[in-house]
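S.K.: Quick one: structure below, then a few questions.
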Amino acid sequence: MLSKGKILIALVVAVAAVGLVVATTAVAKVEGDTIIFGAAVSFTGKYSTNGKHTKNGYDLAVKRLNEMGGVKVGDKTYKVEIKYYDDESTPARAGQLADRLIKQDGIKFILGPYGSGPTKGMAPITEKYKIPMVEGNGASRALFNKGYRYLFAVLTTSEQYLAESINLLAEEFKKQGRDPSTAKVAIAVENDPFSMDIRAGVIEDAKRYGMKVIIDDKLPKELTDMTATLTKVKALRPDALIVSGHSKGAALAVRQTAQMKVDVPMLALTHCEAADVVGKFGGDANYTLCATQWAPTMTYKDDWFGFAGDYAKRFEAEYGYVPPYQAAESTASVLVYVDALQRAGSFDTEKVRDAIAATKLETFYGWVDFDDTGKNIAKPMVLRQVQKGVYIPVAPSKFAAGQVIYPRPLWRDR
Amino acid sequence: MNSAERNATIYGAILIASLAAPWVLPAYQTQLAFLWIMVLFALTWDLVGGQMGYTSFGNIVFFGIGMYVTAVIQRNLHFDIKEYVHVAGAVDTLQPGEYLSGLFLGMGASAIVAVIIGAVLGLCILAMGMRGQYFGICTLGLGVAAGEIASGWDYIGAGSGMVAPVFPERLGERGAFFYYIFFILTVILFLTLKWLYAGRFGLAINAIRDDEDKAEAMGIRTTRYKMTAWCISALFLAVAGGAAGHLVGFIDPTEVAFAGATFGVWMILMAILGGKGTLWGPVVGAVIFYITQEVFWTYLFGWQRVAMGALIVGIVVFFPQGIMGWMRERWPERFGHRVEESTLSSSAEGGGP
């Protein structure tokens, strides 16, 4: 009995003591000669894979900036550091952590989380406290019509991710002498903010061509199976199947279309690289169309990393895998922030916010130029097709390095 | 100091500390607001799960319903829905009056809707005589189903969720505003429960917990009591949900509103940790759970869940009856249970509920 009493007392004392420590350690935004950014990223939960890419992207930028001597703001040069929390892939937690970063840790510069959901959770908070947030992983267009003044995204918004695949389908139809309006499209997206936007973009584009959406399925958040959708695809024979469900969705679509030998002329996905569909499924991934924000083969460059390819090499040396675009856009977010700090020459959040808004910068990730709503309008999406295990850019034509193979060869001919 | 004076001192100290907290720790306002939500979670769960012995896994349903009802009323009151849907929520900032009227009307409506839904669900589950594990499984389904329905219903944003309007600047501190809302709500809930537990209602639901058939045989209208307890729980959860939606700012169907895996489980853990079936247990449990969780999150980065799991195991092993349950056993006289000297040796169990 006595030991239990001691345990209880010890527990209470420990909790109280640690609580006291929490209450007294408020970190300033700039400590000595270090600029501290704050970020809540998904280390656990369903976005943990992409959360890791995001963190690696941020960390590589920090490492590179410090290697190069730091960041000059005004007359002084500062080192850079990031304070992380784990948002556990939930918007509620992300919002709470934004509050904590700003109010308790005194962070004045916030980097985005991974995913539109968590970003939606954080944006109202950063907006409330007028703290700028530069993010590279919240693509939902619903983030950019709320009139948020302090939110900036370096990436292309989600409704544009797969719109290009519809254009491509229309082009292919015209080449074959068929009317694009006779094309039939099947859509299967995860029921989350990001993928629902993908769907909205695809439907809008399909409508423009007068195409018919014959399957419009919402996949559950616990994505483990889409055979129901694929059975419908087999029966209704659409001309294109569009799937979006982050990394899990991409892996699932490639795996199950191969298992069920679903012959659909076009399969377009998001998150192929993050899911490493080529590495995991080899030949089964061939002919898949993948929307990408960025690829190491692009020819953008900057003073920090050089060309996109140089960035990829540096990243691979550090983390042992080819950077997916989720990592690249995270790195780019830090670069945009740092560029704005340098131009602002001050740590005043209003001045920094205005400097970010005025950004016109070429990075290894692409051009960055924000419109009034805070989204980057200077960088297009690229569509790549897996051909013999290699991602070949096929659209838009400016970036195309090869011809799209349409229709996909039938499974029995492979 | 007699027990009435002691109680008055305790209540007074807690009241003063609670009123002052947001100004003493201004950086922690939002977290303190969440602390009250947690206390409310644990108290409402304990009403049905602890005092009445009906282990429910689905109370989160009412929290989510409140969140959505309030958000929808806020939206429909101040915006043209067609336009709102068209621009996917691109709307102007609300005036303080509009924000408040939408929020409070919404919370009121949440209460009504939740009680109606609670009554309907109660009729289906409780009045049908569902008990024990069967009741638990039934309610487990409720939370999951509600999340799925909300994810598929376009009127409330489906999988994209809903966004609460930005907090108007002229209303002052956002954190403090919500802190006091949840504080007042929790105090009302606590006093309501204290009053209920002290009377016939408390005895009746305790009797249901101890032996429902016997209670029924003694003439207690068990179904009526069960429904009442369930609906009171629903009412407070829904009102809290309404305000919580505005506090979080973004309502995701399965991860914020019907968040069974987090809030839904926590409310049970907190009640058990503090001692289910006691008035103060859920409060103590919620405070300890929430503070520990925040501390783990900060200092055991990446391992917070593991540490939390270890803590829960520790609690169950060392305090199977929860902290208050353990204290009641140890110091029964402090809980108003008089133990006769002569029977002390024979009844080591001591003190009933």
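The values are calculated or read from the model by the stated rules, or taken from the named source; none is laboratory data. Worth saying up front: this structure is predicted, and the values here are computed from it rather than measured. Cβ: placed from backbone, ideal geometry, glycine included. Neighbour counts: every protein chain shown. Note: areas computed on protein heavy atoms with side chains; ligands, DNA, RNA excluded. Shrake-Rupley method; radii C 1.70, N 1.55, O 1.52, S 1.80 Å.
S.K.: How many of the residues in segment A:187-233 are assigned to a strand (DSSP E or B) and buried (at least 24 other Cβ atoms within 10 Å of the Cβ)?
M.R.: Matching residues across segment A:187-233 total 5.
S.K.: Quick check, is A:Ile125 closer than 24 Å to B:Phe177 by Cβ and in contact (Cβ under 8 Å) with a residue 60 or more places away in the chain? Break it down stepwise before answering.
M.R.: Details: closer than 24 Å to B:Phe177 by Cβ: yes; in contact (Cβ under 8 Å) with a residue 60 or more places away in the chain: no.
No, not satisfied.
Per-residue answers, yes or no, for (1) without any contact (Cβ under 8 Å) to a residue 24 or more places away in the chain; (2) outside any helix (DSSP H, G or I); (3) open to solvent by 40 Å² or more (accessible area, probe 1.4 Å):
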site: B:Ile117; (1), (2), (3): no, no, yes
site: B:Val120; (1), (2), (3): yes, no, yes
site: B:Leu142; (1), (2), (3): no, no, no
site: B:Ala146; (1), (2), (3): no, no, no
site: B:Phe178; (1), (2), (3): no, no, no
site: B:Trp195; (1), (2), (3): yes, no, yes
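S.K.: Continuing with the same structure: Identify the residue in segment A:74-85 that is away from chain B (no Cβ under 13 Å) and not hydroxyl-bearing (Ser, Thr, Tyr) and, among all such residues, is nearest to B:Leu247 (Cα to Cα). Outline the logic, then answer.
M.R.: Our first condition is that a residue be away from chain B (no Cβ under 13 Å); within segment A:74-85, this holds for A:74-81.
In the following step, the residues that additionally are not hydroxyl-bearing (Ser, Thr, Tyr) were identified as A:74-76, A:79-81.
Numbers: A:Gly74: 38, A:Asp75: 41, A:Lys76: 39, A:Lys79: 35, A:Val80: 32, A:Glu81: 29 Å.
Once the filter is applied, the top-ranked residue is A:Glu81.
S.K.: Looking at A:Gly147, A:Gly117, A:Gly121, can you tell me which residue is open to solvent by 20 Å² or more (accessible area, probe 1.4 Å), at the interface with chain B (Cβ under 9 Å from one of its Cβ atoms) and either out of contact with any Leu (no Cβ under 7 Å at 6 or more places or on another chain) or closer than 10 Å to A:Ala39 by Cβ (or both)?
M.R.: Numbers: A:Gly117 fails: open to solvent by 20 Å² or more (accessible area, probe 1.4 Å); A:Gly121 fails: open to solvent by 20 Å² or more (accessible area, probe 1.4 Å).
Of A:Gly147, A:Gly117, A:Gly121, the one residue that is open to solvent by 20 Å² or more (accessible area, probe 1.4 Å), at the interface with chain B (Cβ under 9 Å from one of its Cβ atoms) and either out of contact with any Leu (no Cβ under 7 Å at 6 or more places or on another chain) or closer than 10 Å to A:Ala39 by Cβ (or both) is A:Gly147.
S.K.: Right, next: Here are some conditions: (1) under 30 Å from B:Tyr99 (Cα atoms); (2) open to solvent by 40 Å² or more (accessible area, probe 1.4 Å); (3) out of contact with any helix residue (DSSP H, G or I) (no Cβ under 7 Å at 6 or more places or on another chain). B:Arg221 meets all but one. Which one does it not meet?
M.R.: Only one criterion in (1) under 30 Å from B:Tyr99 (Cα atoms); (2) open to solvent by 40 Å² or more (accessible area, probe 1.4 Å); (3) out of contact with any helix residue (DSSP H, G or I) (no Cβ under 7 Å at 6 or more places or on another chain) is unmet by B:Arg221, namely (1).
S.K.: Just to verify a result, which residue in segment A:86-104, among those that are under 20 Å from the mean Cα position of the chain (by Cα), over 16 Å from B:Met38 (Cβ atoms) and more than 7 Å from chain B (Cβ to nearest Cβ), is most open to solvent (accessible area, probe 1.4 Å)?
M.R.: Selected residue: A:Glu88.
S.K.: State all residues of segment A:59-73 that are open to solvent by less than 40 Å² (accessible area, probe 1.4 Å), in contact with a helix residue (DSSP H, G or I) (Cβ under 8 Å, 6 or more places away or on another chain) and not in a helix (DSSP H, G or I); if no residue qualifies, say none.
M.R.: Residues satisfying the conditions are A:Val71, A:Val73.
S.K.: So which helices (runs of 4 or more DSSP H) are wholly in segment B:247-324 and hold at least 2 residues that are crowded, with 24+ Cβ neighbours inside 10 Å?
M.R.: Passing ranges, in order: B:265-274, B:281-299.
S.K.: For A:Gly320, work out the one condition from (1) assigned by TED's automatic domain parsing to the domain that holds A:Tyr209; (2) open to solvent by 30 Å² or more (accessible area, probe 1.4 Å); (3) over 29 Å from A:Asn376 (Cα atoms) it doesn't fulfil.
M.R.: Among (1) assigned by TED's automatic domain parsing to the domain that holds A:Tyr209; (2) open to solvent by 30 Å² or more (accessible area, probe 1.4 Å); (3) over 29 Å from A:Asn376 (Cα atoms), the lone unmet condition for A:Gly320 is (1).
S.K.: Considering only residues that are part of a helix (DSSP H, G or I) and away from chain B (no Cβ under 14 Å), which ones fall in segment A:34-58?
M.R.: Hits for segment A:34-58 are A:Thr49, A:Asn50, A:His53, A:Thr54, A:Asn56, A:Gly57, A:Tyr58.
S.K.: Still on this structure: Only one residue in A:Lys375, A:Lys388, A:Lys360 is outside the structural domain of A:Leu169 (by TED's automatic domain parsing), among the basic types (Lys, Arg) and either crowded, with 24+ Cβ neighbours inside 10 Å or farther than 22 Å from A:Gly74 by Cβ (or both), so which one is that?
M.R.: Working: A:Lys388 fails: outside the structural domain of A:Leu169 (by TED's automatic domain parsing); A:Lys360 fails: either crowded, with 24+ Cβ neighbours inside 10 Å or farther than 22 Å from A:Gly74 by Cβ (or both).
That would be A:Lys375, the only listed residue that is outside the structural domain of A:Leu169 (by TED's automatic domain parsing), among the basic types (Lys, Arg) and either crowded, with 24+ Cβ neighbours inside 10 Å or farther than 22 Å from A:Gly74 by Cβ (or both).
S.K.: Might you check whether a residue that is open to solvent by 10 Å² or more (accessible area, probe 1.4 Å), within 22 Å of A:Arg408 (Cα to Cα) and in contact with a helix residue (DSSP H, G or I) (Cβ under 9 Å, 6 or more places away or on another chain) occurs anywhere in segment A:298-306?
M.R.: No: segment A:298-306 contains no residue that is open to solvent by 10 Å² or more (accessible area, probe 1.4 Å), within 22 Å of A:Arg408 (Cα to Cα) and in contact with a helix residue (DSSP H, G or I) (Cβ under 9 Å, 6 or more places away or on another chain).
S.K.: Between B:Cys138, B:Cys124, which is over 22 Å from the mean Cα position of the chain (by Cα), in a helix (DSSP H, G or I), more than 14 Å from every other protein chain (Cβ to nearest Cβ) and at pLDDT 85 or above?
M.R.: Just a single option satisfies the conditions, and that option is B:Cys124.
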